[in-house]
Amino acid sequence: MPWGEKSRTDSQGNAPKGWDHDPPAKQKLVPFGVLILATASLTLLFGNGETSDFWGDCLRVWWEQVRSQFRGIRRLVIYLDNGPKNSGRRTQFLKRMIGFADWSGLEIRLVYYPPRASAY
């Protein structure tokens with residue numbers, strides 16, 4: 001073999017099985033992210049599945065972590081992609097947002113991107 005060419009065979013000429021991609025995961029985690037536009041601060045939380053309850057739980061955990069930095073904040077504007085778990089037509093999601101607003105004392109404003117905007 002000319003110098004510089006690559007081979008997948010071992011010293012006995014056998015081709016060991018290789019991974020074409022990452023090995024299979026033992027557990028799948030779903031990310032939830034909050035980006036504060038004014039400071040470019042990103043918080044990532046991970047859970048086992050994306051549901052409206054997951055969104056509500058993550059939002060509460062995030063606010064508990066950052067609220068001391070934003071004592072003067074009275075309104076939280078949340079930009080959403082109108083996906084199936086955070087749709088304004090989804091009653092469980094809206095129930096969780098109302099519960100978060102009641103718990104936090106914040107006015108919550110949901111701003112939805114146009115349909116299919118997340119595809120771009």
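Values quoted throughout were computed directly from the atomic coordinates according to the rules given, and no laboratory measurement underlies them. As the structure is a computational prediction, the values presented were derived from the model and not from experiment. Please note: Cβ atoms are built from the backbone with ideal geometry, for glycine as well, and neighbour counts cover all protein chains shown.
The table that follows gives values for the structure above.
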{"read-out": "Cβ-Cβ FRET estimate between SER104 and GLN27, R0 fixed at 41 Å, reported to 0.05", "value": "0.85"}
{"read-out": "Spacing of the two label points (7 Å from each Cα toward its C-beta) at TYR79 and LEU37, in nm", "value": "0.5"}
{"read-out": "Sites matching trypsin sites (Lys or Arg not before Pro) across segment 23-102 that sit in DSSP coil, with at most 13 neighbouring C-beta atoms within 10 Å", "value": "LYS26, LYS28, ARG71, ARG74, ARG89"}
{"read-out": "Neighbourhood charge, 13 Å Cβ-Cβ cut-off, centred on ILE73 and excluding it, Lys, Arg +1 and Asp, Glu -1", "value": "+4"}
{"read-out": "Vicinal HN-Hα couplings computed from phi for segment 38-55 (Karplus, 6.51 cos²θ - 1.76 cosθ + 1.60; Hz; Gly/Pro x)", "value": "5, 10, 6, 8, 10, 10, 10, 10, 10, x, 8, x, 8, 9, 4, 5, 4, 4"}
{"read-out": "Computed label-point distance, nm, for sites VAL66 and VAL111 using a 7 Å Cα→Cβ extension", "value": "1.4"}
{"read-out": "Estimated distance in nm for a label pair at LYS95 and ASP53, the labels positioned 7 Å out from Cα along Cα-to-Cβ", "value": "1.0"}
{"read-out": "Under-5 Å amide H pairs with LEU76, H placed in peptide plane, nonlocal only", "value": "GLU107, ILE108, ARG109"}
{"read-out": "At R0 = 30 Å, FRET efficiency that the Cβ-Cβ distance of PHE46 and ALA15 yields, to 0.05", "value": "0.25"}
